[in-house]
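Input: a single structure, listed below in structure tokens.
The values are calculated or read from the model by the stated rules, or taken from the named source; none is laboratory data. Keep in mind that what you see is a predicted model, and the values were worked out from it rather than measured. Using ideal geometry, Cβ is built from the backbone for each residue, glycine included, and neighbour counts are taken over all protein chains shown.
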């Protein structure tokens, strides 16, 4: 239950009553009314703008509307105090029993607590990773992969219909270089001394097993053959092997994407021609000459007619070429076709998780999606900044396996899947990140993974100890949900309950902003509240969770503790992280 949305229903019902009683006009539009936490905690629990929103249509002063509303709302048994502030804000303080009721909701709902219909079932395509299939995934891919996967889970929890996708860039010069690299390693597997890997090919050791597999499959049939006879065969073989590695690495990170779309398959199926025809029919294609790029000397610029898309009509800086001078499609044309294909598959909302080096690509892609969908689709591009690895206080940049970068699998092997996933989500994606392999494994308050997991482990420890004092049927979720909660009256306990009550609202707002890192901040704050209550119990015996001589009080606190564990688990589930039962 989103307590703010729940109380919004009370406000709307009260407005309807005032309309029936003739105090306000009947049938006022209440769709723009909000019920939110006040900016300052001292102003109560819920603030509503209802009086200001209704003033114009009701033809009344906001303060007059607010006074009428305040009088009715203050009479509710869930409200202990109501005040009218400023031009007509209404600030309400809710009764303790209203907050305690949240615990039963959490316990009855489990980790589904926070699920909502905010997204209304809108179809969303989240594309992430989408690395060229020319080698293993590296650390930068890890950040985009985790952010994309967590965002998909977050939006699904908020009621969106989410499909995750990997776009395989398997067309173009880079996969031909992959084929030539595979052929070189194939010759090496057949006993040839290939010497130093030529510039332009992929030097990593990960190509060695590809060459060995080719040698086992084809013997020496292509050792001295012309390139034309093996290039396509070796290209497709190598791409398949690379994608097997990519999928295995993603699986090790806990990621299983729904759809893998091949750029080459789209091109071969005529998707680019289909996209081009659609834009052409809208009058958005023309032949023209672009101005020289900024920073180019005029003598280095050769103006020539090109087939251009009117990207500047949709917010881009300039119009963009769709064909090269040889008549082949540009990479941009293929990318538009990919997004047009998504739109035709029924996705009005598209989210792309790109690396920071794609910053100059954002405007043109957003322009293209607007144009190709007639404004019916929305593209949101999230750019992930670099991750700087450190170990033993020094930067870590090189990998024996990959040749010039640290692979995703090496990072997982070093830090563990859950640690990698959590840490990658502790900062907004457009912020630089330092990933210190020593600090992320430390059991200190400064390590956010440990701090949150420690709170969950403490909860589980309390519940295990309680199991020695109570029968199993007394500690079921249903039994705890029915416990007498009235003894939960300390400000620290109420603060903890209010923090858990804000989880559903956090889900909706984070999904709307498409910012999964907000979940990390929330989990840290929740853990901090719980650790604070734990520490208070050391000094105040009344606040300890287990009272052997007071069963009623103990069950109330066990309901509180189980609720904390449930909400932490709910948050970690969004992150794809497993909550720990105990820390050693």
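Some notes on this structure:
- When region 570-584 is filtered for residues that are in contact with a helix residue (DSSP H, G or I) (Cβ under 6 Å, 6 or more places away or on another chain) and within 16 Å of residue 156 (Cα to Cα), the ones remaining, listed by number, are 570, 571, 573, 574, 575, 576.
- Positions within region 367-390 being part of a strand (DSSP E or B), surrounded by 17 or more Cβ atoms within 10 Å (Cβ to Cβ) and without any contact (Cβ under 8 Å) to a residue 40 or more places away in the chain, in sequence order: 381
- Test: residue 43 is at pLDDT 95 or above and over 25 Å from residue 159 (Cα atoms): no
- Enumeration of residues in region 429-456 that are over 27 Å from residue 205 (Cα atoms) and buried (at least 18 other Cβ atoms within 10 Å of the Cβ): 429, 433, 440, 447, 448, 449, 450, 452, 453, 454, 455, 456
- Residue within region 497-508 that is more than 24 Å from residue 382 (Cα to Cα) and surrounded by fewer than 18 Cβ atoms within 10 Å (Cβ to Cβ) present: yes
- The listed residues are 417, 460, 421, 445, and the only one of them that is under 18 Å from residue 530 (Cβ atoms) and at pLDDT 95 or above turns out to be 460.
- Taken across region 122-129, residues that are more than 27 Å from residue 347 (Cβ to Cβ) and part of a loop (DSSP other than H, G, I, E, B) do not occur at all.
- The selection criterion, being outside the structural domain of residue 480 (by TED's automatic domain parsing), surrounded by 18 or more Cβ atoms within 10 Å (Cβ to Cβ), closer than 25 Å to residue 496 by Cβ and in contact with a helix residue (DSSP H, G or I) (Cβ under 9 Å, 6 or more places away or on another chain), holds for residue 100.
- Count of region 340-366 residues which are part of a helix (DSSP H, G or I) and surrounded by 24 or more Cβ atoms within 10 Å (Cβ to Cβ): 2
- Check on residue 156, surrounded by fewer than 22 Cβ atoms within 10 Å (Cβ to Cβ) and either in the same structural domain as residue 340 (by TED's automatic domain parsing) or at pLDDT 95 or above (or both): yes
- Of all residues in region 6-29 being in contact with a helix residue (DSSP H, G or I) (Cβ under 8 Å, 6 or more places away or on another chain) and buried (at least 16 other Cβ atoms within 10 Å of the Cβ), the one that is nearest to residue 90 (Cα to Cα): 11
- Elements of type helices (runs of 4 or more DSSP H) in region 443-512, at least 3 residues being more than 26 Å from residue 45 (Cα to Cα) and outside the structural domain of residue 380 (by TED's automatic domain parsing): 448-466, 477-481
- Test result for residue 265, out of contact with any helix residue (DSSP H, G or I) (no Cβ under 7 Å at 6 or more places or on another chain), under 30 Å from residue 151 (Cα atoms) and assigned by TED's automatic domain parsing to the domain that holds residue 308: yes
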